[in-house]
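Since the structure comes first, as structure tokens, the remarks are kept for the end.
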Amino acid sequence: MREGRVRLGGALDTALDTAGILFAAIFFCLSLTPSLLPRSWPLQGIIAGVLTATGYLAGVTAGALARRSAATAARWCPGTRREKWREGRREGRCEGRCEKWREKWRRTGRRRVRRLVATFGCGLGAASLVLGVRAQRAIYPLMGLRPPERLGYLGVPFVAAAVFLLLLAAARALRVAARALGGVLGRWIPAAAARLAAGLGVGVLAVLLTDGILTEALLRGADNSFAAINSETAPGTSPPRSAAVSGGPSSLVSFASLGLEGRAFVAGAPAVGELSGFTGRPALPPVRVYAGLDSAATARERAALAVRELDRTGAFHRAVLCVITTTGTGWVDPQAAAALEFMYGGDSALVSMQYSYLPSWLSFLVDRERVTAAGRELFGQVYARWSRLPAGHRPRLLVFGESLGAFGAESAFRDDRDLRERTDGALFVGPPDSSPLWRRFVDGRAPGSREVLPVYRDGETVRFANGPADLAAPASAWAGSRVVYLQHPSDPIVWWTPRLVLGRPDWLEERRGDDVLPWIHWYPFVTFWQVTADLVFSLDAPPGHGHDYDGEVANAWARIAPPDGWDAARTTALTALLARRGGGSDRTGSAGQ
């Protein structure tokens with residue numbers, strides 16, 4: 001066995017690098033540090049396993065580079081003891097002494113290093129597990145949740161070990177393949193070149209298989225699966241009887257072509273009696289226009305169809321018109337839609353269209369151009385028709401997008417001035433970090449304001465809020481178009497970015513948000529994988545935390561576009577009404593984006 005390596009017993013029965021084990025232990029300990037959302041012990045075990053494997057790879061690489069550098073330095077340094085030793089060895093004077101030192105190292109030196117590494121790793125891992133459990137339990141109260149029992153987290157090391165061994169076995173299989181290929185190539189080219197070519201060849205082939213054949217097969221399967229889901233109709237959803245919504249009588253769009261989420265959207269419009277009961281005065285049937293993927297062949301044709309539907313329903317004669325960009329599945333937040341309808345007693349029109357039936361995280365990876373194209377096309381055509389109306393006879397023009405929908409909705413605008421000039425207000429909820437305008441506003445925030453709650457140009461047009469209280473007492477006048485970004489400090493969809501791998505974000509250098517532990521820190525690679533895991537369960541957080549914005553959109557709309565005579569008491573009553581009606585966050589569309 002080579003120096004610097006220990007043997008892993010069991011099925012693998014192969015050598016482990018000592019430096020790799022040391023780094024793996026450190027990364028395991030770091031994986032137990034807290035992130036944005038609380039983690040169950042199985043999830044914590046998976047994260048720990050992935051990060052342990054990442055640490056092992058880093059340690060193996062660092063150890064190999066250190067050994068290679070030391071050997072190179074010794075070889076090219078004349079006049080050193082090594083040169084004298086070589087001279088003495090050639091003369092036969094040091095051979096016996098060197099053999100004694102080698103034998104002593106074999107018998108005791110390596111064993112001592114192994115014990116030291118094992119003792120250090122076990123002790124540090126145990127201490128980190130205790131501290132990690134304490135940190136995880138501290139996150140739950142921040143979100144109004146009851147902490148789980150401590151004993152469950154004893155399973156974390158076992159899950160982590162299983163994940164680590166699985167990843168190690170895959171890596172070793174690639175190494176065996178590379179060595180075999182190198183042996184074949186070594187018959188025709190020098191050994192060093194053969195090893196390099198074999199390693200590169202196997203690596204490239206693995207990437208191609210993963211990113212090409214395997215990914216394509218998985219995407220094809222996902223596409224077929226979600227296409228089948230899109231053709232379904234949710235239980236209790238039936239074709240609407242109102243002519244004011246798509247899919248209803250005299251509609252230009254068939255109910256069958258709207259897709260799963262489109263059918264739910266048009267069928268979920270509140271009844272006139274329900275609206276009158278809230279406002280205390282006669283109400284109008286609300287207009288809801290929607291074009292599904294099957295309604296027209298292209299985004300441009302779907303947008304044109306939606307505009308014709310707006311004309312058919314008389315939407316341009318309502319008090320308010322809101323252009324909505326959906327999440328990946330075509331989902332529209334029921335609370336955000338209903339809030340405007342109750343505020344205006346049905347004197348409203350909502351328009352949206354579907355661009356995909358894949359979940360938001362998958363749409364973001366493979367359909368990002370469709371998202372932005374849909375946002376630009378729909379708003380552009382609605383705005384063109386709206387702007388032809390006489391200036392005094394236009395409805396308020398609003399924009400809404402949540403999660404991936406926020407990314408798509410803001411793509412229709414160049415900057416805050418464009419938003420101010422072409423809209424009467426906009427609400428973007430839980431925007432991804434990759435949203436261009438959001439990133440520009442956050443990066444251009446006033447000195448002293450935090451990334452989780454930035455202040456941009458004194459809030460002249462664009463304002464940020466972690467919750468309703470942040471919009472309750474504005475620091476300055478808010479005239480003209482009002483744009484609001486709702487973003488929770490604990491929402492991983494907002495804060496996830498590939499830059500977390502090697503770059504410390506501002507939100508982890510500044511004072512933490514109210515629902516984030518103050519002792520969360522950034523670690524290379526570690527924080528990236530932790531926040532990535534948080535994405536999967538971002539919608540499992542209670543309202544007001546993570547990616548769950550239930551109960552907050554009514555307050556935001558009340559600040560952006562309040563009807564005449566609207567007050568805080570009406571906002572409170574509307575929030576309670578929307579909570580009773582339900583709807584909630586998209587449990588499939590935006591999760592894990």
So what does the Cα-only Debye profile of segment 297-364 read at q = 0.28 Å⁻¹, as log10 I(q)/I(0), no solvent term?
-1.20
With only alpha-carbon atoms in the gyration tensor, what are the semi-axes of the equivalent ellipsoid for segment 232-350, in Å, largest first?
22, 15, 13
Rough spin-label spacing in nm, given labels placed 7 Å along Cα→Cβ, for SER231 and ALA62
5.4 nm
Over segment 299-393, with every protein chain in place, what whole percent of the accessible area is carbon and sulfur at 1.4 Å, could you tell me?
52 percent
Would you please state the base-10 log of I(q)/I(0) at q = 0.12, 0.14, 0.17 1/Å for segment 477-593, with intensities from the Debye formula using one equal scatterer on every alpha carbon?
-0.56, -0.72, -0.94
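Ignoring ligands, DNA and RNA, what accessible area per residue does segment 248-372 give at 1.4 Å, in Å²? Intermediate results must be reported in sequence, preceding the final value.
Details: 3910 Å² over 125 residues.
Value returned for segment 248-372: 31 Å² of accessible area per residue.
Could you tell me the calculated FRET efficiency between ALA573 and ASP514, based on Cβ-Cβ distance and R0 = 30 angstrom, to the nearest 0.05? Mind showing how you got there, number by number?
Working: r = 26 Å, r/R0 = 0.86.
With a Förster radius of 30 Å, E is 0.70.
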Whole angstrom only: what separates the Cα centroid of segment 512-560 from the Cα centroid of segment 312-355?
26 Å
Given 504-512, 484-492, 144-152, 304-312, the highest-first ranking by average Cβ count within 10 Å works out to 484-492, 304-312, 504-512, 144-152
Restricting things to alpha carbons, tell me how big segment 122-176 is in terms of Rg and Dmax, in Å.
15.6, 51
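Go through 427-435, 40-48 and give me the packing order, highest mean Cβ count within 10 Å leading. Before the final figure, lay out each step's value.
On the way: 427-435: 23.7, 40-48: 20.9.
Descending mean neighbour count gives 427-435, 40-48.
When only the heavy atoms of the protein chains count and the probe is 1.4 Å, how do SER250, SER403 rank by accessible area, highest first?
Values: SER250 85, SER403 0 Å².
Greatest to least solvent exposure: SER250, SER403.
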Taking just the C-alpha trace of segment 427-483, give me its Rg and Dmax in Å.
10.9, 29
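Using the heavy atoms of the protein chains and a 1.4 angstrom probe, tell me the accessible area per residue for segment 393-447 in square angstrom. Before the final figure, lay out the partial values.
Values: 1720 Å² over 55 residues.
Here the residues of segment 393-447 average 31 Å² of exposed surface.
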Nearest-0.05 FRET efficiency for THR298 and ALA446 at R0 = 35 Å, using Cβ-Cβ distance, is 0.25
Extension gain ARG417-PHE158, at 0.36 nm per residue separation less the Cα-Cα distance, in nm?
87.8 nm
Please work out the Cα center distance from segment 382-446 to segment 234-254, rounded to the nearest Å.
28 Å
For peptides 271-279, 51-59, 24-32, 444-452, sequence by mean Cβ density within 10 Å, most packed first
24-32, 51-59, 271-279, 444-452
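How big is the shadow of the Cα convex hull of segment 472-529, averaged over all directions, in nm²? Each step should come with its number before you reach the end.
On the way: hull surface 22.1 nm².
The orientation-averaged projected area of the Cα hull of segment 472-529 comes to 5.5 nm².
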At a threshold of 8 angstrom on Cα-Cα distance, excluding pairs fewer than six apart, so keeping six or more, what relative contact order does segment 349-504 reach in percent?
19 percent
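The values are calculated or read from the model by the stated rules, or taken from the named source; none is laboratory data. Fair warning: this is a prediction, and the values are worked out from it, not measured in the lab. Quick reminder, even Gly has a Cβ in these numbers, built from the backbone with ideal geometry, and neighbours come from all protein chains shown. The area values use the complete protein model at the heavy-atom level, side chains included, leaving out ligands, DNA and RNA. Shrake-Rupley method; radii C 1.70, N 1.55, O 1.52, S 1.80 Å.
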